[in-house]
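The values are calculated or read from the model by the stated rules, or taken from the named source; none is laboratory data. Everything numeric here is computed off the predicted structure, so don't read it as measured data. For neighbour counting, all protein chains shown are included, and Cβ atoms are generated from backbone atoms with ideal geometry for every residue, glycine included. Accessible surface is based on the protein model in full, side chains and every heavy atom, while ligands, DNA and RNA are left aside. Shrake-Rupley method; radii C 1.70, N 1.55, O 1.52, S 1.80 Å.
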Amino acid sequence: MRLALRSLLALSLLTASAQAESVDLELVFAADGSGSIDTEELRLQRKGWADALTSQDVLNGIKDGPVGAIAVAYMEWGGPSSQVLIVDWHVIRDGASAKVFADKLIAAPRGATGYNSISNAIDFSVRLVEGNAHEGTRKVIDVSGDGPNMNGRPLEQARADALAKGFTINALAIRRPGSGRPGGPGGMSLEDYYGQNVIGGPGSFVEIADETRPFAIAARRKLLTEIAGTGGASRHASR
């Protein structure tokens with residue numbers, strides 16, 4: 001009986017593996033939807049990622065990959081108990097499939113509440129990848145936000161657990177025009193905070209969106225780098 005059960009389990013695992021769709025990259029957009037993000041900032045993030053994903057530069061980058069496709073999902077995070085899947089997994093291989101994802105992203109209602117649990121957002125993103133039906137050569141969590149981790153389990157632990165599972169975590173620091181806020185604790189710049197505490201894995205990097213680099217441009221630059229898998233000009237790239 002035990003032998004039969006083991007054989008059945010092994011067959012199930014092989015079947016699941018055989019059914020997994022191969023892609024070059026499994027990417028979770030983990031976007032800040034917390035209380036510090038007003039309606040305009042939320043729209044800015046969503047439109048920026050939608051425009052980046054449907055841009056010809058990004059589509060050409062996707063086609064250049066060995067498989068010629070990536071799998072993407074978009075979630076927004078707030079407090080420790082508020083992680084919301086905004087758009088579930090889609091495989092992007094051309095303009096039509098990118099537009100489907102982008103249209104859903106723009107149309108989806110807001111869901112996250114509370115304040116700044118980047119750690120729980122990372123945990124949620126890991127589970128999203130582990131539970132999908134795709135198999136990529138790289139797994140990336142793309143954190144974008146305008147502030148530091150404030151709640152949830154220790155960020156160091158969430159980050160370490162994700163890296164141990166082979167994930168790369170990148171970040172996009174959003175510096176609001178005219179806000180004058182340093183973003184990080186103790187007067188630290190937000191990009192330095194993300195560099196020291198959030199990113200990790202091969203080629204990890206921090207991108208910045210501010211007065212000189214609009215979010216849409218920063219998002220496209222970041223996505224192109226992630227698709228290429230070469231890493232960016234990070235201040236604190238690690239491991």
Next on the checklist: Using DSSP to call loops (not H, G, I, E or B), can you name the chymotrypsin sites (Phe, Trp or Tyr not before Pro) in region 68-102 whose Cβ has at most 14 other Cβ atoms within 10 angstrom?
Outcome noted: none
Item to check | Peptides ranked, highest mean first, by Cβ atoms within 10 Å: ranges 93-99, 189-195 | outcome: 189-195, 93-99
Item to check | Segments 212-219, 66-73, 104-111, 166-173 sorted - mean Cβ within 10 Å per residue, highest first | outcome: 166-173, 66-73, 212-219, 104-111
Checklist outcome for this item: A 1.4 Å probe over the protein heavy atoms gives region 88-211 a carbon and sulfur accessible-area percentage of 53
Next on the checklist: Need one value: the accessible area of K165 in square angstrom, 1.4 angstrom probe, rounded to the nearest 10.
Outcome noted: 100
Item to check | For peptides 202-211, 122-131, 155-164, sequence by mean Cβ density within 10 Å, most packed first | outcome: 202-211, 122-131, 155-164
Checklist entry - So how exposed is D103, as accessible area in Å² (1.4 Å probe, rounded to 10)? => result 80
